[in-house]
Structures are given as structure tokens and as C-alpha cells.
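Enquirer: What follows is a single structure, and I will ask about it in a moment.
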Amino acid sequence: MSGVRQTVRYTEYHPRWYRTRVSTWWWLSRWPYLKFILREISSVFVAWFVVVLLLQIRALSRGPQAYAAFEHWLQIPVIVLLNLTAMFFVTFHAVTWFNLTPRAMVVRFGGKRVPDGLIVGTNYAAWAAVSVVLAWFLLRS
Amino acid sequence: MAETISVEVARYSPERDTEPSSQRYDVPLHKDWVVLDALNYIKDKMDGSLTFRWSCRMGICGSCGMMVNGEPKLTCATFLSDYAGDGSPVRVQPLRYFPVIRDLVVEITDFMNKLQSVKPWLIRGDEKAVSEGEYLQTPEQLDRYKQFSMCINCLLCYAACPVYGLDPVFIGPAAIALAQRYNMDSRDEGAGERMDVLAQHEGIWGCTFVGECTKVCPKHVDPAGAIQQYKLTATIERFKSFLMPWAAGNSEMESAK
Amino acid sequence: MAKQSNEPILWALFSAGGVFAAFAIPVHLFLLGLAFPLGWIPAPGYEYLHGLFSSPLPRIYLFALCFLALFHWAHRFRYTLYDGLQIKHLNEVIFVCCYGGAIFGTVLAGYLLWNFH
Ligand code: SF4
Ligand code: FES
């Protein structure tokens, strides 16, 4: 065995070769790359949501007047537009995340790999359930 | 027979050119011709100086990978007729992100070294004597790594990977998938050794799960999946060595089989 | 053994945050950012929300959400900047800004929720 293990070296020297530089705008060159970058950008809107949430917590803590002001702020068109954009991106995040789960995590059951569709389906079902529970908590009043 | 199709082929001669250019050839369009047939036609009948790699013509040797209309493809498995019809020429270029040596031939030493660095062979602590017989494996155990063992080193996945293009220190899809092919093999005991190479920034952590490698792979190896799965393994190992430094090592990876 | 890098820990936070964000944020954002302000669904009153946020379990939940979601952002955004803009040479600066931001936000969330009254 060890005889074969010897490091094989191919010619490392070539008189000249040509290497293309990757453009800074590589992610605009193909639709799948753009989709990838949009998926990554979704994280910015995840952070944006945390900011809104922290503002809400602060307003609630400060009293009814502060909270009324916060609710008012949420109605400013720019903020609504921002939240609409954020809504698109966080949904995109959720969908891509759930769809990719079976790639990243192999679940085996009875010696067989659980089919991708089943894992994705379970994810969506759980998503619906979690959403209903959270909405129920927030709307119970 | 009168039908032809234009093929626009990238040309680069290290002696003459400072950068690649392209040359157009009109070749006959047969229903059963693949892009490689067109290249061979050009080389035989029109321009003997055209340089490209190929061997098996049946998607096994992995040497005919090129960019066809901007997508990494095995040219022996890509039909010309799929590109006919709209009148525009078929663009054939060398695999993206690799240095070009000449025309359609790229330099792949970088990959060869990386592949070797992940030790893609069975590593045993102690070798059984031949008289003791073979290492048995159940179909279930085979199933755990079989997908990764289908790789033909065609490097289409590297040509699809922007992370490799941006920073060629990245070990890359196929090499990591092949490391996993041995990590997941019940006969192998080398997972710990491979982790030294894989659990670095240049290994799995550079990957941002673009996922294109998996889409272009002609053998359905799913290198993107292999990398994410390994991230999980490496993370569990890391937490284990943190919580129980005495038990660090192969445990998780061995039990994963 | 491999050199002990912190990458697995950051990745674990990123993943946990990704899961949390995927499951929880769409419904939260839909209600808080769109349905309530636009009047599609009557918004819960101050009293109710104040009461809800005062109990310990929701507060722990909110803290976990902020903490993990921010570390999810930090990790993803860091790599997006590296690759998308080809500014790997600003490695350290980006690293400090992203995780610094996440730590700051987490501390702020902890402070606000701890002192909630
Ligand atoms: S993983 Fe697939 S695309 Fe990559 S080298 Fe192997 S066979 Fe080719
Ligand atoms: S010529 Fe062998 S894979 Fe195409």
C-alpha cells in the first residue's frame, strides 16, 4: 500500500497560463447566484425585525404613551414599505431554509434515508403549527 | 445533412496570446452529436491545432468538462441539438475558475494536491492479515457513502463554485465529498486525520452553501450536502471536545456509520 | 486533533438562529409590521401586551429570539461581505463589526427585558 502513497507530483511549471479574475459583480452573472445573494441578504431583514422588536419592548416598558407613539411610527409609509420588503425576505429565508434542510441533515429511519420530501413537508407543517400558536398568543386578548 | 451549427470555441496559446480569444466553426448538426463530437470534427477536419481533453466519451473518465454556454458540462454528454434552433452559436470555453494552459485545457494540479490532502483512501489503525478474510460491509453501510463514491473528478462542481473562484485556497466540493466518502465508510478509521484538514477555514467553513456544485454534478454526488453534513459533524465534535476533552476524537464520526 | 477554531460555535449559533428565524419571524413580522398597523387585524391593546411581556417565559423566548437571530445575521452578513464584495482583506474589521453588532444587540435585549416593568 505504502508504495502507492508516494506523493504524485504533476508538472507544476507551465511557461504561461491565463487566469480570469472573478468580477466583483459575479453574483449578477447568473440567476442562481443572484438568488443565493438574495438569500444571504435576507439576514439583514432578520436583524431589522430584531430592531423593531426591541423598539416595541422599549415602548411597552415606557408606558401607554410611548407605545402609542411606537404604533404610530409603524404606520409611517416608509416603515410599512420596509416591513413589506422585510416580509418578503424573511419568507424567502424560511422557504429556502426549509427546502435545504434535507441536504444538510441526513435522517435515517430503519436503516433507510428518510426521503427529502418528507423532511421538507414536516418542516412546513411545523412552520404552520408554530405560526398558529404564536399568533394565538399575540391575539388572545 | 445540410444543417450546420456554429460553435464558438475559446482559443488561447500561451506562446502567442496575452489573453484568450474565440474562433467560430460551422460544423454539421447531427441529431446524435454531442459537443465533444463537434470539437473532434473541428480537430479532424478543420483545425488540427485545437486542444482539449477527452477520453471515454461516456461520462466516466471525467476529463471532458468545459463551459457550454456558460454552464459547466461534460461535453460528451451534452447534445448539440439542445443548443440548435435559435441560430446563435454554441459557446465552448475552458472550465471556469481554473488557469488555462491552452485552448480548452485547464491546469488542475491545485485540485490534485487538495484531493490528496484529504487522504481519499481507507485508513486503518491496524490492518487485518489477509488470511483473516475481507472486511465485511452490509448494504446499509454501503448506502451511507455510496453516493459520494460516484465522483469522477470532472471538476464541474469547482467551475460552479464562486467560493472557489473568489478564493482558490478553498478545498472545494469534490475533495470534501470524497473525504466524506471515506469518513462514512465502515471500514475506515481515518476520520480524525481528515478532520485536521477539513475543519479549517479553507475546508468546510469557507463554504456558504451556494449549492450550485450539486446542481451541475453529472453523477448526483451532492457535494453541497456532503459539506453541510460535515459542518454538523465537526460542530458536534468541537462541542464534545469542549465538554469532555478526554473523549475527543473519532467517537461521533465512527458512530455515525 | 484539529486546531480548535471558533468557527463551529459561530456556525452553531448561525444555524440555531436560522431555524428560529425561519419558524418564528414571518408570523411575528406579518402581525406587528403589516397586519396591525394597516388595520387588517385589530391590534392587541397595550394592557394585554404589557401583561404578556411581563411574564418570565415570553421574556426568555424574546431574549432567545433576539440573541439567535442577531448571531444568525452576523454570520451570514459577514460571509456575504467577504464574497459578494470581494473585501476579504477587511476580514478583521468585518468580523468585529458583525459580531460586535450582534453582541451589542443581545446585551441591549437582555437589558430591556430584564428591566421590563
Ligand atoms: S462531485 Fe460531481 S461535479 Fe464534482 S468532480 Fe465529482 S462528479 Fe464532478
Ligand atoms: S470523455 Fe470521459 S467523461 Fe466525457
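The values are calculated or read from the model by the stated rules, or taken from the named source; none is laboratory data. Quick caveat: nothing in here was measured; it's all calculated off a predicted structure. Cβ coordinates were reconstructed from backbone atoms using ideal geometry, including for glycine residues, and neighbour counts include every protein chain displayed. We work out accessible area using only protein heavy atoms, side chains counted, and drop any ligands, DNA or RNA first. Shrake-Rupley method; radii C 1.70, N 1.55, O 1.52, S 1.80 Å.
Enquirer: List the residue ranges in chain C for DSSP H helices whose C-alpha atoms run 27 angstrom or more along the long axis and whose Kyte-Doolittle average is 1.0 or above. Provide the component values of the computation, followed by the final result.
Expert: Numbers: long enough: C:7-29 (30 Å, 1.47); C:56-84 (41 Å, 0.48); C:91-114 (34 Å, 1.43).
What comes out of the filter, once short or polar helices are dropped, is C:7-29, C:91-114.
Enquirer: Only Cα pairs under 8 Å and at least 6 apart count here; give the relative contact order of region B:4-106 as a rounded whole percent. Provide the component values of the computation, followed by the final result.
Expert: On the way: 193 pairs, mean separation 35.9, N = 103.
Computed value for region B:4-106: 35 percent relative contact order.
Enquirer: Using 1/(1 + (r/R0)^6) with R0 = 60 angstrom and r between the beta carbons of residue A:132 and residue A:16, what's the FRET efficiency to the nearest 0.05?
Expert: 0.40
Enquirer: Using Cα-Cα distances under 8 Å and only pairs 6 or more residues apart, what relative contact order does chain B have, in percent?
Expert: Values: 433 pairs, mean separation 42.4, N = 257.
Relative contact order comes out at 17 percent.
Enquirer: What do you get for trypsin sites (Lys or Arg not before Pro) in region B:89-177 restricted to DSSP loop and a cutoff of at most 16 other Cβ within 10 Å of the site's Cβ? Don't skip to the end; give the middle numbers.
Expert: Working: sites: B:91, B:96, B:102, B:114, B:124, B:128, B:144, B:146; in loops: B:96, B:124, B:128.
In loop regions of region B:89-177 (DSSP not H, G, I, E or B), the sparsely surrounded trypsin sites (Lys or Arg not before Pro) are B:124, B:128.
Enquirer: Here's a follow-up. Compute the long axis of helix A:77-104 from its Cα atoms, compare it with the longest principal axis of the Cα atoms of chain A, and write down the angle in degrees, 0 to 90, nearest 10.
Expert: The two axes meet at around 40 degrees.
Enquirer: How would you classify the protein assembly as shown from its alpha-carbon gyration tensor, with a ≥ b ≥ c the square roots of the eigenvalues: rounded for a/c under 1.5, else prolate if a/b is greater than b/c, otherwise oblate? The partial results should precede the final answer.
Expert: Details: a/c = 2.30, a/b = 1.58, b/c = 1.46.
It comes out prolate by the Cα gyration axes.
Enquirer: For region A:44-90, what does the alpha-carbon gyration tensor say about shape, rounded, prolate or oblate, given a ≥ b ≥ c as the root eigenvalues, a/c under 1.5 as rounded, and a/b over b/c as prolate?
Expert: Because a/c hits 1.5 or more and a/b fails to exceed b/c, region A:44-90 counts as oblate.
Enquirer: Can you classify chain B as rounded, prolate or oblate using the Cα gyration tensor, where a ≥ b ≥ c are the square roots of its eigenvalues, rounded means a/c under 1.5, and otherwise it's prolate if a/b beats b/c and oblate if not?
Expert: Prolate, because a/c is 1.5 or more and a/b exceeds b/c.
Enquirer: So which aspartates and glutamates pass the test for residue B:240, namely a Cα distance under 15 Å, with those fewer than 8 places away in the same chain ruled out?
Expert: Candidates past the 8-residue exclusion: B:252, B:254, C:7.
Enquirer: Would you kindly state the longest site-free stretch of chain B, with sites defined as GluC sites (Glu not before Pro) in a DSSP loop (not H, G, I, E, B) surrounded by at most 13 other Cβ atoms within 10 Å? Before the final figure, lay out the partial values.
Expert: Numbers: sites that count: B:3, B:15, B:127, B:134.
Value returned for the longest uninterrupted segment is B:135-257.
Enquirer: For the interface of chains C and A, what total accessible area is buried with a 1.4 Å probe, rounded to the nearest 100 Å²? Mind showing how you got there, number by number?
Expert: Working: alone 8450 and 12310 Å², together 15900 Å².
Chains C and A together bury approximately 4900 Å².
Enquirer: Would you jot down the residues in region C:38-55 that end up with at least 50 Å² less accessible area in the complete protein assembly than in the chain alone, with a 1.4 Å probe?
Expert: C:46, C:48, C:49, C:53
Enquirer: Modelled label-to-label distance, residue C:61 and residue B:41, 7 Å Cα→beta-carbon offset: nm?
Expert: Spacing of the two 7 Å Cα→Cβ label points: 6.6 nm.
Enquirer: Counting only protein heavy atoms and a 1.4 Å probe, tell me what percentage of chain B's accessible area is made up of carbon and sulfur.
Expert: Working: 5870 of 11180 Å².
Heavy-atom surface of chain B belonging to carbon and sulfur, 1.4 Å probe: 52 percent.
Enquirer: With every protein chain present, what is the per residue accessible area of the protein assembly as shown (1.4 Å probe, Å²)? Show your work: numbers first, answer last.
Expert: Working: 24760 Å² over 515 residues.
Heavy-atom SASA per residue in the protein assembly as shown reads 48 Å².
Enquirer: Mean Kyte-Doolittle of at least -1.0 and a Cα length of 18 Å or more along the axis: which whole DSSP H helices of chain B meet both? Walk me through the numbers on the way to the answer.
Expert: Numbers: long enough: B:223-243 (30 Å, -0.03).
Span-like helices here: B:223-243.
Enquirer: For chain A, take the longest principal axis of its alpha carbons; what is the angle in degrees between that and the long axis of helix A:64-73, to the nearest 10 within 0 to 90?
Expert: Computed tilt is about 50 degrees.
Enquirer: Relative contact order of region B:109-256, please, whole-number percent, based on alpha carbon pairs below 8 angstrom and at least 6 residues apart. Kindly include the intermediate steps, with their values, before the conclusion.
Expert: Details: 186 pairs, mean separation 40.6, N = 148.
Value for region B:109-256: 27 percent.
Enquirer: How big is the charge dipole of region B:109-256 about its Cα centre, in debye rounded to the nearest 20, if each Lys and Arg gets +1 on its Cβ and each Asp and Glu gets -1 on its Cβ? Walk me through the numbers on the way to the answer.
Expert: On the way: 14 positive and 19 negative charges, 68 e Å.
Dipole about the Cα centre, nearest 20: 320 debye.
Enquirer: Sorted by accessible area (1.4 Å probe), largest first, how do B:24, B:238 line up? Walk me through the numbers on the way to the answer.
Expert: Details: B:24 140, B:238 35 Å².
In descending accessible area the options line up as B:24, B:238.
Enquirer: Also, quick follow-up: By accessible area of protein heavy atoms, probe 1.4 Å, what ranking do C:28, B:30, B:220 get, highest first?
Expert: In descending accessible area the options line up as B:220, B:30, C:28.
Enquirer: I've got another one for you. Would you grab the residues whose amide H sits under 5 Å from the one on residue B:5? Only those 5+ places off in sequence or on another chain, please, with H modelled 1.01 Å from N.
Expert: Close amide H contacts, sequence-distant or interchain: B:27, B:29.
Enquirer: Using a 1.4 Å probe on the heavy atoms of the protein chains only, list every residue of region C:79-97 that has 50 Å² or more less accessible area in the complete assembly than in its chain alone.
Expert: In region C:79-97, residues shielded by partner chains: C:79, C:80, C:83, C:84, C:86, C:88.
Enquirer: Let me ask you something else. Which far-off residues, 5 or more places away or on another chain, put their amide H under 5 Å from the one on residue B:210, with H placed in the peptide plane?
Expert: It is none; the list stays empty.
Enquirer: Do the sum for chain B: with -39,500 (n - 2.57) for every DSSP H run of n ≥ 4, divided by all residues, what is the mean residue ellipticity at 222 nm, to the nearest 500 deg cm²/dmol? Show your work: numbers first, answer last.
Expert: Values: 10 runs with 84 residues, N = 257.
The per-residue figure over chain B is -9000 deg cm²/dmol.
Enquirer: Express in Å², to the nearest 10, the accessible area of residue A:25 obtained by rolling a 1.4 Å probe over the protein heavy atoms while all chains stay in place.
Expert: The accessible area of residue A:25 comes to roughly 150 Å².
Enquirer: How far is the Cα center of region C:51-117 from the Cα center of region A:74-141, in Å?
Expert: 20
Enquirer: To continue, here is another question. Reported to two decimal places, what Rg/Rh ratio describes region B:109-256 when computed on Cα atoms with Rh from the Kirkwood expression?
Expert: Details: Rg = 15.5 Å, Rh = 15.9 Å.
Rounded to two decimals, Rg/Rh equals 0.98.
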